[in-house]
Amino acid sequence: MVNKITVVGAGNVGATTAQRIAEKELARLVVLVDVVEGVPQGKGLDQYQSAPIELFDTRVIGSNGYEETGDSEVVVITAGIARKPGMSRDDLLNTNAGIVRQVSEQVKRSSPNAIVIVVSNPLDVMCYVAKEVTGFPRERVLGMAGVLDTARYRAFLAQALDVSVRDIQAMVLGGHGDTMVPLISYTTVSGIPVTQLMDRPTLDAIVDRTRNGGAEIVKHLKTGSAYYAPSAGAVQMVEAIVLDQKRILPCAAWLDGEYGMRGLYLGVPCKLGRRGLEKVIEVELTEDERASLGKSADAVREPMAAVKL
Ligand SMILES: NC(=O)c1ccc[n+]([C@@H]2O[C@H](COP(=O)([O-])OP(=O)(O)OC[C@H]3O[C@@H](n4cnc5c(N)ncnc54)[C@H](O)[C@@H]3O)[C@@H](O)[C@H]2O)c1
């Protein structure tokens, strides 16, 4: 358990993230921050009142400022506008960049040693904004997307094969968007290559559904977007860091020559521990996978060039 974790944005993803962190007792104090007056305070108090029932000793409080967040060990940034039906992630670019910039300035001032996990979309570009504005090293600014995309892929596979989700090992790399790269060559069911258990058209349909996983939920909900699985993804990263688990998870990391690329955030296998990003793991890719990763990087570079810092 660490002393303090801050979650910025008390909307659907942020509030659920705070609740999951508290229920897992990953910190003594969780501070929820939002610009809307009363919302983080009300949600924080409501969550803390579930403590005697759920049996956790983590305090949850809400605030409209950053004073209470001082010296947080981990900060999760979920502030922003969620995608609406028909809206692409990139439509969100400049509104959310302004929000993430303002949040990052506050985080830099109040928690200069924090490890930052960005969730706001468009994910890879928002990570870049957070890294540039805080000036934190790449070890301490990471993005959550690959864990979610991989969870969606694993859930669809488990359902199609009628096996436990626990037995599906997989990795989705690349940017968080339509160009994400599910690695079929590394997808196994208890070590058995998935291609031995499923025909290619079925697998391709699952890969396609994974790529559109976020949009499928937006279409159902009509207002707002997914948050149960996204918050679970963010908390898996927080847990790996706080408990120094050295887990290998697909995260958006600032590349510095890995996979032949540098100067952008992209989803790659990362070792997460108490120092944050402890290593980017380079795996062998098929020619197709390498080409798809390159395309995905291009799809990240374009909005990166358009964002005003
Ligand atoms: N990376 C991923 O895989 C992933 C998955 C789901 C959602 N998201 C993104 O996460 C973000 C949050 O989604 P949501 O569903 O919780 O949206 P939401 O609208 O429910 O919540 C966003 C919250 O941010 C707050 N906010 C706005 N500006 C702020 C500021 N300057 N400081 C503090 N708070 C501020 C809003 O008041 C609101 O409460 C969106 O950008 C969404 O696209 C990313």
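The values are calculated or read from the model by the stated rules, or taken from the named source; none is laboratory data. Here the structure is a predicted model, which means the values were calculated and not measured. A quick note on method: Cβ atoms are made from the backbone with ideal geometry, for glycine too, and the neighbour counts reach across all protein chains shown. Calculation scope for accessible area: heavy atoms of the full protein, side chains included, ligands and nucleic acids excluded. Shrake-Rupley method; radii C 1.70, N 1.55, O 1.52, S 1.80 Å.
Structural descriptor for the chain: relative contact order 18 percent, calculated from alpha carbon pairs under 8 angstrom and at least 6 residues apart. Converting phi to 3J(HN,Hα) with the Karplus coefficients 6.51, -1.76 and 1.60 and the offset θ = phi - 60°, region 150-167 yields 5, 5, 5, 4, 5, 5, 5, 5, 4, 5, 5, 8, 6, 10, 5, 4, 4, 8 Hz in sequence order, with x at every glycine or proline. Both numbers refer to the Cα atoms of region 118-207; Rg and Dmax are 15.6, 47 Å. Each peptide in 4-16, 146-158 receives the mean, over its residues, of other Cβ atoms within 10 Å, and ordering these scores from highest gives 4-16, 146-158. Give me log10 I(q)/I(0) at q = 0.16 Å⁻¹ for region 161-237, Debye formula, one equal scatterer per alpha-carbon, no solvent. Taking Cα atoms of region 161-237 as identical point scatterers yields -0.72.
Backbone amide hydrogens, once placed in the peptide plane, bring I115 within less than 5 Å of V74, V75, excluding anything fewer than 5 places away on its chain.
Put simply, the C-alpha atoms of region 73-183 give a gyration tensor, and the ellipsoid matching it has half-axes of 29, 17, 11 Å, longest first.
Which of rounded, prolate or oblate describes region 37-79 when judged by the alpha-carbon gyration tensor and an a/c cut-off of 1.5? It is oblate, given that a/c is not under 1.5 and a/b is not larger than b/c.
Counting charges near R138 (Lys, Arg +1; Asp, Glu -1) among other residues having Cβ under 10 Å from its Cβ returns a value of 0. Annotation: Cα Rg of region 154-309 relative to the compact-globule expectation 2.2 N^0.38 Å equals 1.08. Taking all protein chains together and a 1.4 Å probe, the residues T286, T17 rank T286, T17 from largest to smallest accessible area. Accessible surface ranking for E67, E302, 1.4 angstrom probe, highest first: E67, E302.
In terms of accessible area, using a 1.4 Å probe and ignoring ligands and nucleic acids, H176, H220 rank largest first as H220, H176.
Equivalent-ellipsoid semi-axes for region 26-123 (Cα gyration tensor, √(5λ), whole Å, largest first): 25, 17, 12. A viscosity of 0.890 mPa s and a temperature of 25 °C, combined with the Kirkwood radius over C-alpha pairs in the Stokes-Einstein formula, give the chain a diffusion coefficient of 126 µm²/s.
Surface composition of the chain: carbon and sulfur atoms hold 49% of the protein heavy-atom accessible area at a 1.4 Å probe. Entry note: region 1-73 has Rg to Rh equal to 0.93, where both radii use alpha-carbon atoms and Rh is the Kirkwood radius. Our coupling estimate for region 180-189, obtained by passing each phi through the Karplus curve with A = 6.51, B = -1.76, C = 1.60 and θ = phi - 60°, is 4, 10, x, 8, 5, 5, 10, 9, 10, 10 Hz, Gly and Pro reported as x.
Ligands, DNA and RNA are left out, and with a 1.4 angstrom probe the accessible area of the chain is 44 Å² per residue. In terms of packing, defined here as the mean over residues of other Cβ atoms within 10 angstrom, the peptides 43-55, 231-243 line up highest first as 231-243, 43-55. By the Cβ distance rule (another cysteine Cβ under 4.7 Å), the unpaired cysteines of the chain are C127.
Computed about its Cα centre, the charge dipole of region 262-309 is approximately 460 debye, with only Lys, Arg, Asp and Glu carrying charge at their Cβ. Scalar couplings 3J(HN,Hα) for region 201-209, obtained by applying the Karplus form with A = 6.51, B = -1.76, C = 1.60 to θ = phi - 60°, are x, 5, 5, 4, 5, 5, 4, 4, 5 Hz; x denotes Gly and Pro.
For L32, nonlocal amide neighbours, meaning residues 5 or more places apart or on other chains whose placed amide H falls under 5 Å from its own, are V7, I61, G62, S63.
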